[in-house]
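For reference, the structure discussed in these notes is given below.
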Amino acid sequence: MIDAKNLSLVLQSCASIALIAVVLFKFWSEARLDAFRQRMFQLRDELFDYAADGSISFDDPAYRLLRQSMNGAIRYAHHLTFFRVCVTMIEIQLAVYVPKRDWSQDWQLALKRLPSDDARNRLEAFHSRAMQLMVGRLVAGSPALLGLVVCSVPILILRMGWLNLKTILSKAPMFTVSHVVDTRMLENEAAAAAIA
């Protein structure tokens, strides 16, 4: 028979577990979303400052495409979950949903047309940072992807050698996600969200 002391302990434990679940599933999720959007806003502001310094024209197609992608990522962020990405991939495979434009092709063309290698390198760096933010959001919200990232660290250590743990850990999320999800699809969805 359960006495009052044990019953009190069980009720306190259940209440604590319920509170932790609310914090994890509600508040933590919202905090991650806000943090992602804030970091993407900061990156977009850096891109704007780069163009404002005269390094690239605001009308340049590469600048416009990259800004469109960042705007879409900010807008699309609440849909950036592993489940939704998998559903979109299935829709594309079944031809239920076909993207109207391929952002990645437009991006590569725009990069080739840039007048200087410096501008090309800088815009590619901005794009890489934006993709890292998107992949980080995707991985942090999925226990399955997080587990795959942890498993990919030894693979990267074997491939790259023991260079620098920080480098390996920073490359692990992109390495894992690029083997599970077509990252071009993430870019296309972000660009489509900016237009919608």
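Can you name the number of the only condition in (1) free of Cβ contacts under 8 Å to residues at least 12 places away in the same chain; (2) farther than 25 Å from Leu43 by Cβ; (3) within 19 Å of the chain's Cα centre (by Cα) that Met89 fails?
With respect to (1) free of Cβ contacts under 8 Å to residues at least 12 places away in the same chain; (2) farther than 25 Å from Leu43 by Cβ; (3) within 19 Å of the chain's Cα centre (by Cα), Met89 is out only on (1).
Among the candidates Leu114, Leu123, Leu145, which residue alone is more than 21 Å from His179 (Cα to Cα), touching a residue at least 24 places away in the same chain (Cβ under 8 Å) and part of a helix (DSSP H, G or I)?
Leu123
Condition (residue is part of a helix (DSSP H, G or I), polar (S, T, N, Q) and free of Cβ contacts under 8 Å to residues at least 40 places away in the same chain) applied to segment 28-36: is it met by at least one residue?
No, segment 28-36 has no match at all.
Condition first: surrounded by 12 or more Cβ atoms within 10 Å (Cβ to Cβ) and among the hydrophobic types (A, V, I, L, M, F, W, C). Now tell me which residues in segment 19-40 satisfy that.
Hits for segment 19-40 are Val23, Trp28, Leu33, Ala35, Phe36, Met40.
Can you name the residue in segment 44-64 that is under 15 Å from Ser128 (Cβ atoms) and more than 17 Å from the chain's Cα centre (by Cα) and is also surrounded by the most Cβ atoms within 10 Å (Cβ to Cβ) among such residues?
Among them, the one singled out is Ala62.
Based on what the data block shows, is Arg39 in contact with a Phe, Trp or Tyr (Cβ under 9 Å, 6 or more places away or on another chain), over 22 Å from Val180 (Cα atoms) and at pLDDT 85 or above?
no
The values are calculated or read from the model by the stated rules, or taken from the named source; none is laboratory data. What you see is a predicted model, and the numbers here were worked out from it, not measured in a lab. Quick reminder, even Gly has a Cβ in these numbers, built from the backbone with ideal geometry, and neighbours come from all protein chains shown.
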